[in-house]
Amino acid sequence: MKFVVKHVGQSGRLGCLSGVDKRLGEIFETPLLTMYTRGGSVPHITHEVLQMITKENLLLQMPLTTLMSAYSSIESFGKGLSEFVGLKEYPCYVTPQDPATETPTGYNVSNKVAVWTRNGKRTVDPVKYMNMIEEMRPDMYLALCDGDTDSGSSKKRITKSVQRTLNLFRECYRHHQESKVLINAALLAPIEGGYDLHARRVFSEEMAQYDVAGYVLDGLHTNGAEAEKIKFDTIEPVIKECLKCLPKEKLRVAHGAWNPCTLIKLVAAGFDMFDTSLPYLSTERGKALVFPYDQNMITPNTGPNSVKNTDHYEISLEDSIYAEDFKPVLQNCACLTCKQHTRAYIHHLLKSQELLGRVLIMIHNLHHYLEFFKSIRRAILNDSLDSLCFLVQTQDHDS
């Protein structure tokens, strides 16, 4: 895998990711949105519908937590993860934890990391992890790590996280260097240290010595909806401390369901890759993303069903105010859902507990987020990322 920075603006940078094993001729533009999956498929979306949502190149993010129960079958299949799940045309990226599901804290021990599956807790050591990675044959993967820290973590917990992750990473790195199966796979290094600036600096300096494809900012939250609440101001000192120690030419990744404004500021800080865990979480709670990312999406806030939301980037279609609202989910949206269905219809589906309700919301949310990233890339090129951030914060849209 090869990552190249193509343009550095006043805020943020544009690049391209190429040379992934299954699509040697394909190029992924960054900032890149990886497609979050559960059990090897995009939640609520079939393969055929995914191809209708977008014709873009997609990099699938596959959390190990959602794959553990199928590992013996993957191993017996013997052709790798992408072929096993029927998505061989898409490159895949494996992570130890699930960015959309809160990770229980306090269960990592010695040289093992707790991985929470639908059947409960499983512990994974670096040898077992790397054996699984070799069987899955991903195009990219994150080394096993202890990211069990957040803003409330004690110094003792941070120290354990840092030391354990260093030991885990060294073992994963050694195995990666010796593996013939993973010769074309890209290894990403985690960056730990919680909110302790000294720990972050020391850890980043250590990771900078290894020949890896990129770095993943970890340990700022314990996944799930918690990440949505994080304001950029609280993590900015940590980010600056990490980035000043890491090579500028390497890929930088920030997992999690960041709210749109925080995500834009992470892009401005120099991060290159994110995931679709926010669209998934919004869908799970029956909410549709409606924040504007283009001036054409701003409409007068009028009418009986036009309200201001506290969570201004999404609306709850389970709310009774949409029972007789026959407008599309979002005016001027070109997604399959908005072209053919109304808020009232989706409200009815949700209240009736029909599976189609969340399918339609997920189609809209994924389309909306993919278009949002196109706007981000245009804004970086035009040095207008600050204006985009202001636009996204605008609540005076037709909700």
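The values are calculated or read from the model by the stated rules, or taken from the named source; none is laboratory data. Everything quoted here is computed from the prediction, not taken from an experiment. Please note: Cβ atoms are built from the backbone with ideal geometry, for glycine as well, and neighbour counts cover all protein chains shown.
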Taking segment 101-112, which residues are exposed (fewer than 15 other Cβ atoms within 10 Å of the Cβ) and β-branched (Val, Ile, Thr)? Thr105, Val109
Going by the conditions given, is Thr299 in a loop (DSSP other than H, G, I, E, B), surrounded by fewer than 23 Cβ atoms within 10 Å (Cβ to Cβ), modelled with pLDDT of 95 or more and among the polar types (S, T, N, Q)? no
If we keep only residues of segment 191-212 that are within 22 Å of Leu32 (Cβ to Cβ) and touching a Phe, Trp or Tyr at 6+ places or on another chain (Cβ under 7 Å), then the residue surrounded by the most Cβ atoms within 10 Å (Cβ to Cβ) is Ile191
Looking only at segment 137-157, decide whether some residue is at pLDDT 95 or above, touching a strand residue (DSSP E or B) at 6+ places or on another chain (Cβ under 8 Å) and in a helix (DSSP H, G or I). no
Do the conditions hold for Leu349, that is, is it more than 26 Å from Phe271 (Cβ to Cβ) and not in a helix (DSSP H, G or I)? no
Does at least one position in segment 372-380 carry a residue that is modelled with pLDDT of 95 or more and within 21 Å of Pro43 (Cβ to Cβ)? yes
One residue is enough: does segment 370-378 have a residue meeting the conditions in contact with a Cys (Cβ under 9 Å, 6 or more places away or on another chain) and touching a residue at least 24 places away in the same chain (Cβ under 8 Å)? yes
Among Arg200, Arg252, the single one that is in contact with a Gly (Cβ under 8 Å, 6 or more places away or on another chain), touching a residue at least 24 places away in the same chain (Cβ under 8 Å), of a type in the set (D, E, K, R) and not in a helix (DSSP H, G or I) is Arg252
Can you name the residue in segment 67-100 that is surrounded by 16 or more Cβ atoms within 10 Å (Cβ to Cβ) and among the aromatic types (Phe, Trp, Tyr) and, of all such residues, is farthest from Ser18 (Cα to Cα)? Tyr71
Can you pull out the residues in segment 255-289 that are over 26 Å from Lys327 (Cα atoms) and among the hydrophobic types (A, V, I, L, M, F, W, C)? Ala257, Trp258, Cys261, Leu263, Ile264, Leu266, Val267, Ala268, Ala269, Phe271, Met273, Phe274
For Val115, state whether it is among the aliphatic types (A, V, I, L, M) and surrounded by fewer than 20 Cβ atoms within 10 Å (Cβ to Cβ). no
What is the residue count in segment 133-159 for residues that are more than 18 Å from Lys180 (Cβ to Cβ) and in contact (Cβ under 8 Å) with a residue 40 or more places away in the chain? 14
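Table: residues versus (1) among the charged types (D, E, K, R); (2) under 19 Å from the mean Cα position of the chain (by Cα); (3) buried (at least 18 other Cβ atoms within 10 Å of the Cβ); (4) modelled with pLDDT of 95 or more.
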| site | (1), (2), (3), (4) |
| --- | --- |
| Phe232 | no, yes, yes, yes |
| Cys242 | no, no, yes, yes |
| Lys248 | yes, no, no, yes |
| Thr262 | no, yes, yes, yes |
| Phe274 | no, yes, yes, yes |
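Here's the yes/no breakdown for (1) in a helix (DSSP H, G or I); (2) modelled with pLDDT of 90 or more; (3) touching a strand residue (DSSP E or B) at 6+ places or on another chain (Cβ under 6 Å); (4) not β-branched (Val, Ile, Thr):
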| residue | (1), (2), (3), (4) |
| --- | --- |
| His312 | no, no, no, yes |
| Ile321 | yes, yes, no, no |
| Lys339 | yes, yes, no, yes |
| Leu356 | yes, yes, no, yes |
| Ile361 | yes, yes, yes, no |
| His364 | yes, yes, yes, yes |
Enumerate the strands (runs of 3 or more DSSP E) found wholly within segment 1-94, keeping only those where 1 or more residues are in contact with a strand residue (DSSP E or B) (Cβ under 9 Å, 6 or more places away or on another chain) and within 29 Å of Trp116 (Cβ to Cβ). 32-36, 60-63
Among the residues of segment 380-398, write down those that are assigned to a helix (DSSP H, G or I) and either in contact (Cβ under 8 Å) with a residue 60 or more places away in the chain or at positive phi (or both). Ile380, Leu381, Leu385, Asp386, Leu388, Cys389, Leu391, Val392, Gln393
